[in-house]
Structures are given as structure tokens and as C-alpha cells.
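Below you'll find the structure, written out as C-alpha cells, and then a few comments.
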Amino acid sequence: MEEEKVVNVYVGNIQDGKSYFDGTLTGLFLTGLLGTIVTAITLGICLPWAIVIMERYKAKHTVINGRRLVFNGTATGLFGQWIKWFLLCIITIGIYSLWVNLAMKKWIIKNTSFAN
């Protein structure tokens with residue numbers, strides 16, 4: 001069997017491994033309010049857009065181990081996923097709906113990365 005070698009890489013912008021959220025209550029509230037208003041006006045069609053702006057706000061204000069996050073997902077990308085999930089729910093007579101929340105979380109994580 002081959003041994004696995006573990007390599008520790010130092011990234012210059014890590015600041016003592018601090019992780020924090022530097023957003024404000026006002027910013028979070030106003031972003032959520034904007035998303036809610038747009039979703040209500042469009043009768044839910046723009047909900048993917050609202051989710052994307054919320055995730056962008058959260059990622060923009062999140063620092064993990066001294067590195068800021070960025071969210072790269074798009075509303076059209078999420079809308080395409082929703083169509084797929086909806087069809088899977090129909091095909092499985094609603095059973096797939098138990099996995100939609102997990103699929104959504106996976107999509108959000110897949111589209112979140114470090115800013116630099």
C-alpha cells in the first residue's frame with residue numbers, strides 16, 4: 001500500500017484562522033425584504049433571484065480562516081435546477097421532495113468559494 005503524504009500549505013492572507021460574519025442586521029433585513037417584495041410582486045417566479053441575492057450577501061460578509069467567501073450562483077442556474085427538482089417530484093409522486101432541501105444546500109455550497 002502506498003502512504004498518503006499530507007502537505008500543509010500556508011496561504012499568506014490567513015489572519016490567525018479567524019472566522020466571522022461582518023454583515024449587519026440592517027443589511028440582512030433589507031436584502032431579505034427586497035427579495036420578499038420582488039418574489040411577491042412576481043408571484044414567486046423570481047424566488048430563485050431572491051435566494052441568490054441572499055446567498056451573495058451572506059457569502060460576501062463571511063470570513064472563514066481569514067478568507068472571504070464569494071457566491072457565484074445565478075438565478076437562471078437555480079431556476080434550471082428547480083425545474084429538474086420539480087419534474088423529479090412529479091415522477092416520484094412527491095417522494096423526491098424529501099431530498100430537495102439537501103439538493104438546494106448542495107447547489108449553494110457548490111457555488112460558494114473563497115474570494116481569492
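Could you list, in sequence order, the residues of region 98-116 that are more than 19 Å from Met54 (Cα to Cα) and either touching a Leu at 6+ places or on another chain (Cβ under 7 Å) or surrounded by 14 or more Cβ atoms within 10 Å (Cβ to Cβ) (or both)?
Trp99 - this is the single residue of region 98-116 that is more than 19 Å from Met54 (Cα to Cα) and either touching a Leu at 6+ places or on another chain (Cβ under 7 Å) or surrounded by 14 or more Cβ atoms within 10 Å (Cβ to Cβ) (or both).
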With the checklist (1) at pLDDT 90 or above; (2) more than 17 Å from Asn116 (Cα to Cα); (3) not aromatic (Phe, Trp, Tyr) in hand, flag the one item Lys60 doesn't pass. (2)
Tally up the residues in region 66-96 that are touching a Cys at 6+ places or on another chain (Cβ under 9 Å) and open to solvent by less than 80 Å² (accessible area, probe 1.4 Å), please. 2
List pairs: first in region 77-96 and under 14 Å from Ile45 (Cα atoms), second outside any helix (DSSP H, G or I), Cβ under 9 Å, 6+ apart or cross-chain? Gly77/Asn111; Leu78/Asn111; Phe79/Ile45
Farther than 21 Å from Leu28 by Cα, surrounded by 13 or more Cβ atoms within 10 Å (Cβ to Cβ) and in contact (Cβ under 8 Å) with a residue 24 or more places away in the chain - does that describe any residue in region 38-56? no
Exactly one condition in (1) open to solvent by less than 50 Å² (accessible area, probe 1.4 Å); (2) free of Cβ contacts under 8 Å to residues at least 24 places away in the same chain; (3) among the hydrophobic types (A, V, I, L, M, F, W, C) is not met by Val63; state its number. (2)
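The values are calculated or read from the model by the stated rules, or taken from the named source; none is laboratory data. Remember, predicted model here, so these are calculated numbers, not experimental data. A quick note on method: Cβ atoms are made from the backbone with ideal geometry, for glycine too, and the neighbour counts reach across all protein chains shown. Heads up: the accessible areas ignore ligands, DNA and RNA and are worked out on the full protein's heavy atoms, side chains in. Shrake-Rupley method; radii C 1.70, N 1.55, O 1.52, S 1.80 Å.
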